[in-house]
Number of protein chains: 2
Amino acid sequence: MTQSFYPPQRTLMGPGPSDVNPRVSQAMSRPTIGHLDPMFVAMMDEMKAMLQYALQTRNELTIPVSAPGSAGMETCFVNLVEPGDTVIVCQNGVFGGRMKENVERCGATAVMVMDDWGRAVDANKLEDALKAHPQAKVVAFVHAETSTGASSDVKTLVELAHRYDCLTIVDAVTSLGGTELRVDEWGVDAIYSGTQKCLSCVPGLSPVSFSEAAIAAIKGRTHPVQSWFLDLNLVMGYWGAGAKRAYHHTAPVNTLYALHESLVILEEEGLENSWARHRTHHNALKAGLEALGLAFVVPEAERLPQLNAVTIPEGVDDAAVRTALLGDYNLEIGAGLGPMAGKVWRIGLMGYAARKDNVLNCLAALDEVLGRMDAPVNHGTAVAAALAAYSD
Amino acid sequence: MTQSFYPPQRTLMGPGPSDVNPRVSQAMSRPTIGHLDPMFVAMMDEMKAMLQYALQTRNELTIPVSAPGSAGMETCFVNLVEPGDTVIVCQNGVFGGRMKENVERCGATAVMVMDDWGRAVDANKLEDALKAHPQAKVVAFVHAETSTGASSDVKTLVELAHRYDCLTIVDAVTSLGGTELRVDEWGVDAIYSGTQKCLSCVPGLSPVSFSEAAIAAIKGRTHPVQSWFLDLNLVMGYWGAGAKRAYHHTAPVNTLYALHESLVILEEEGLENSWARHRTHHNALKAGLEALGLAFVVPEAERLPQLNAVTIPEGVDDAAVRTALLGDYNLEIGAGLGPMAGKVWRIGLMGYAARKDNVLNCLAALDEVLGRMDAPVNHGTAVAAALAAYSD
């Protein structure tokens, strides 16, 4: 007979999921009610308003997709891209590559603008591509590349795309709640995020938001949206304003309770305060990592506070270190993805995990484990450097 | 400032979500761990084995899709159907219509075999369609139509489809755990279900299972699967056996804890015992509803125990009754869908909700509310009839 599953209590400082706020866990275990219950519908309205706040938008179509971030990405592409379209995708890590997959599976052509992994998207290269491909309809890029920790300049890239009459799709999976993001002010047309990063919520939902221009494009499509589950024309009937809610699919009721609570917590803290908190703890973590001698992958000006990718020192066994951190400290940090596998660690400081105790514990644990393995780092320096950074 | 959301404690006797077992709610609120954590991977292996038991299959590819049942449906269609294919869809309610949408969005042709709503799928009509469309590649139908409460004969329909060299896609959203279902013995090629019906789990996941023949068809595709998120070639890399788990998307970790616990509970009870329990409480509910004078939509031989659709008596205001049940008894029953809206109620007895106290409470409440509205029913008879049925 299979036994109930009791997971260990980890500290989640990888690329996500991040530590879940205990208030969120509690909210999620509250009694399930129907997805058309009037009380639930009222909760949905509150959630929409709070998502609008988190994304800094008045977009009416601002909702959580009932599936993880990858499905949020797919929602943006299958609704905005039609067969035969040209989409310019700026790739500077894993997730730009996933965007390309999405474009091609929509029967469209992806024009790739390649940047180095670990660098921001280059606006000049994008402009070259826009000039070379005047038929392009959409520009897509990642705000916060989870695979490298690089942050791109959304405002500049969106302005550029609009100058060439393109709509924009922006991946904000790792940025939402952790770093500055202003959907309306920056003019983003379609954006998707995840709940398991800087919102401190469980994984399983993907907040998305669409501008009026994006909705006009969706309503003006000549081909049906290839996904029934993600077709916003149908989803809007359930999440839409004012009108009676129509059944589309059964919403993940309890996971939505969790997201609601995490957005209440974000409102209580204040969005700018949350951004500042991520920055504060990043500065301390950075001081500690650099004291150890670990080098960041991303140049300082393009670096995300919530995702710290550092190069693994020469001769150090990646998996052995992560296994020791998990086994001896219940601490999860992330491995490298794709070409960075085995070469970098990704240390997340996201949402509820972005705390002083986590920074100090992570540095102390890393210092000890690297010491145990005789790694070429400056042992015993990390915690003091972080404490000094906190008192600056 | 938005307040935390405290849902009321409802009794969920609609078409789903159904009452969640408190053990499941507790499991869901346990600490989140990483989706590649070795402890999590071990939990995934247990879950696969328990899903195989619940579905009575040895299919290696038996996993929960990270999204609700509609996404499970879409997983089956986008992986098995290619542009230009012909798919025979037997429709006897809402969900056959959704299958048609899926087929067409895959660029394939749906040949519809229409049956009356409230009746089982007619094997003779299917055979006529198979003869008329020898190019058909897939036959799709719903085992347990949630919109009407009709049960179809999976074994016979699958045998017929195989005789004409078709693969089969079966919707088992409402049947899994509540009524007999034997994937291997019946030869089903692709099946999808939901967690929020007879498994007593929260909504948000869709168990699916694929036979060797279905996997061969997926591997032999000439067009890429149009959905990146649901592409089983990729999903298998995460859920696959033996090999190292590869990151595909971030799994909904806590919802998977919930499903694990609900499958542990099903194992403890025993699958056949669960089927029998649903039948026992259905018999009592049926006795009560018939004593009141409410007529079932579905003929007895084709009726599901877990979804009881009854005709609303002449002159009775559908919404007023459901509102009174919800407001005065915290009891949710379901409205009719599509052409049955306003004409029927759907009373669910699914999973943890299939209990004696629920049957008696539902009948007492319905009797009182209908009495208050001077409905033409036999007041005061329902509870006694149900109790008599229990002691038979």
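Values quoted throughout were computed directly from the atomic coordinates according to the rules given, and no laboratory measurement underlies them. Predicted, not measured: the structure shown is a model, and the values here were computed from it. Glycine gets a Cβ as well: all are built from the backbone with ideal geometry, and neighbour counts include every protein chain shown.
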If unit charges are put on Cβ atoms (+1 for Lys and Arg, -1 for Asp and Glu) and the dipole of chain A is taken about its Cα centre, the option from A:Pro305, A:Thr57, A:Gly293 lying farthest towards the positive end turns out to be A:Thr57
How much of the DSSP beta bridge set in the protein assembly as shown is antiparallel, as a percent to the nearest 5?
-> 50
When the charge dipole of segment B:271-391 is computed with +1 at the Cβ of Lys and Arg and -1 at the Cβ of Asp and Glu, the Cα pointing farthest to the positive end, of B:Tyr329, B:Val316, B:Thr280, is that of B:Thr280
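Holding the Cα-Cα limit at 23 Å, pick out from A:Lys219/B:Lys343; B:Lys197/B:Lys356; A:Lys343/B:Lys48; A:Lys100/A:Lys137; A:Lys155/A:Lys219; B:Lys155/B:Lys219 the pairs that are longer than that.
Working: A:Lys219/B:Lys343 33 Å; B:Lys197/B:Lys356 18 Å; A:Lys343/B:Lys48 33 Å; A:Lys100/A:Lys137 14 Å; A:Lys155/A:Lys219 26 Å; B:Lys155/B:Lys219 26 Å.
Going by Cα-Cα distance, A:Lys219/B:Lys343; A:Lys343/B:Lys48; A:Lys155/A:Lys219; B:Lys155/B:Lys219 fall outside the 23 Å limit.
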With the dipole of segment A:1-117 worked out from charges on the C-beta (+1 for Lys and Arg, -1 for Asp and Glu) around the Cα centre, which of A:Gly97, A:Gln9, A:Met39 lies farthest toward the positive end?
-> A:Gln9
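Which of the three applies to segment A:271-391, rounded, prolate or oblate, going by the alpha-carbon gyration tensor with a ≥ b ≥ c and a/c under 1.5 meaning rounded?
Details: a/c = 1.57, a/b = 1.34, b/c = 1.17.
Judged from the Cα gyration tensor, segment A:271-391 comes out prolate (a/c at least 1.5, a/b above b/c).
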In nm, what does the list of distances from B:Lys219 to its counterparts in the other copies look like, shortest first, when each label sits 7 Å along Cα to Cβ?
-> 4.8
Net charge, A:Gln226 excluded, C-beta distance under 12 Å - Lys, Arg +1, Asp, Glu -1 | -3
Pick out which of A:Ser151, A:Ser18, A:Ser227 has the largest mean-square fluctuation in a Gaussian network model of chain A, springs linking Cα atoms closer than 10 Å.
-> A:Ser227
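Counting other C-beta atoms within 10 Å, which of A:Thr146, A:Thr32, B:Thr11 has the fewest, and how do the rest follow?
On the way: A:Thr146 30, A:Thr32 26, B:Thr11 22.
By the 10 Å Cβ count, ascending, the order reads B:Thr11, A:Thr32, A:Thr146.
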Taking chain A as a Gaussian network, where each spring joins two C-alpha atoms under 10 Å apart, which residue of A:Val24, A:Val188, A:Val316 fluctuates the most?
-> A:Val316
Out of the DSSP beta bridges found with both residues in segment A:236-392, what percent are antiparallel (nearest 5)?
-> 100
Shortest first, in nm, what separates the label point of B:Tyr6 from those of the same position in the other copies (7 Å along Cα→Cβ)?
-> 3.0
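Assign unit charges at the C-beta atoms only (+1 for Lys and Arg, -1 for Asp and Glu), then state the dipole size of chain A relative to its Cα centre in Debye, rounded to the nearest 20.
On the way: 30 positive and 44 negative charges, 129 e Å.
The dipole of chain A has a size of about 620 debye.
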Which whole number gives the average, over all residues in B:20-26, of C-beta atoms from other chains lying within 10 Å of the residue C-beta?
-> 3
For label points placed 7 Å from Cα toward Cβ, what is the shortest-first list of nm distances from A:Asn378 to its copies?
-> 8.9
Neighbour cut-off at most 12 other Cβ (10 Å), DSSP loop, GluC sites (Glu not before Pro), segment B:311-384 | B:Glu314
Charge dipole magnitude, Cβ of K and R +1, D and E -1 - the protein assembly as shown, Cα centre, debye nearest 20 = 60
Select from chain A the helices, each a whole stretch of DSSP H, whose alpha-carbon atoms run 20 Å or more along the helix axis and whose Kyte-Doolittle mean is at least -0.5; answer none if there are none.
-> A:38-55, A:253-269, A:356-372
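As a test of the formula, what do you get for chain B when each DSSP H run with n ≥ 4 contributes -39,500 (n - 2.57) and the sum is divided by the residue count, at 222 nm and rounded to the nearest 500 deg cm²/dmol? If you can, show how the numbers build up before the last one.
Values: 14 runs with 167 residues, N = 392.
That comes out to -13000 deg cm²/dmol.
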Considering only B:Ala108, B:Ala129, B:Ala216, give the residue with the highest GNM mean-square fluctuation for chain B, with springs between Cα atoms whenever their separation is below 10 Å.
-> B:Ala216
Dipole moment magnitude, nearest 20 debye, segment B:271-391 about Cα centre, only Lys, Arg, Asp, Glu C-beta charged = 340
